[in-house]
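Quick notes on the structure that follows.
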Amino acid sequence: MQRKEIDKLCPIRELFEIFITNCQDIFTPSEYLTIDEQLVGFRGRCSFRQYIPNKLNKYGIKIFALVDTKTMYTVNLEIYPGNQPDGPYSQSNSPDNVVKRMVWPIEKSGRNITADNWFSSVPLAMDLLKDKITFVGTLRKNKRQIPKDFVIVKERNINSSLFGFQKNCTIVSYAPKKPNTPNT
């Protein structure tokens, strides 16, 4: 069986893994890191090329990155290949699983990860805490783990905050302005 039948990244996998290993071997990240996605512009033929209409380059290759916030140095990267064929390279592309794969170089290090709402969830934060990694992220309103009082901001005062505490977990809901109120 040929490699390309089980791995969409086979043309670049070896070089890409050498690059990531070198990034991790020559740099010790600070205590604060961030995980995000980047769309690298590409219009060529590729089975996992993405189209994201709100990006500057609407077509390209999506890459997840774990980056040191002080130096902006890359600690880990992962190319999003879509669904890989069954085999050794098949893996889940859920946000929680992407984050867990991305942070393996810093497990048990006491560092902090910051991420946007695509990656963030309370169960993920609790899982990372087991590996001695703290997590800060924004949550979408539709997450089941958020109490209803934190989602309803219409009745709250402008610029007010509501705090919720649980063992090893804090959530904050901020009401920046009344909904549907034009900026003045």
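Starting from region 9-55, pick out the chymotrypsin sites (Phe, Trp or Tyr not before Pro) whose DSSP state is loop and whose Cβ has at most 16 other Cβ atoms within 10 Å.
Sparse-neighbourhood loop chymotrypsin sites (Phe, Trp or Tyr not before Pro): Phe27, Phe42, Phe48.
Taking region 23-72, which trypsin sites (Lys or Arg not before Pro) meet the DSSP loop condition and have no more than 11 other C-beta atoms within 10 Å?
Sparse-neighbourhood loop trypsin sites (Lys or Arg not before Pro): Arg43, Arg45, Lys70.
Have a look at Glu107, Glu155, Glu14 and tell me which one the Gaussian network model of the chain (Cα, springs below 10 Å) gives the largest fluctuation.
Taking springs between Cα atoms under 10 Å, the residue moving most is Glu155.
Please check: in the Gaussian network model of the chain (C-alpha springs, under 10 Å), which one of Ile63, Ile18, Ile35 has the largest mean-square fluctuation.
The residue with the greatest mean-square fluctuation here is Ile18.
Check Phe42: other-chain or 5+ apart residues with amide H under 5 Å from its amide H, H built from backbone geometry?
Tyr59, Gly60, Ile61
Can you check what the net charge comes to around Phe119, using other residues whose Cβ is under 9 Å from the Cβ of Phe119 (Lys, Arg +1; Asp, Glu -1)?
-4
Using only alpha carbon pairs under 8 Å that are at least six residues apart, calculate the relative contact order of the chain and give it in whole percent.
Averaging sequence separation for qualifying contacts and normalising by length gives 16 percent for the chain.
Quick one: divide the alpha-carbon radius of gyration of the chain by 2.2 N^0.38 Å and tell me what you get.
1.21
In percent, what relative contact order does region 39-78 have, based on Cα pairs under 8 Å that are 6 or more apart in sequence?
Relative CO of region 39-78 lands at 34 percent.
No lab work stands behind these numbers, since they all come straight from the coordinates. Since we're looking at a predicted model, the values are computed, not measured. So basically every Cβ, Gly included, is an ideal-geometry build from the backbone, and we count neighbours across all protein chains shown.
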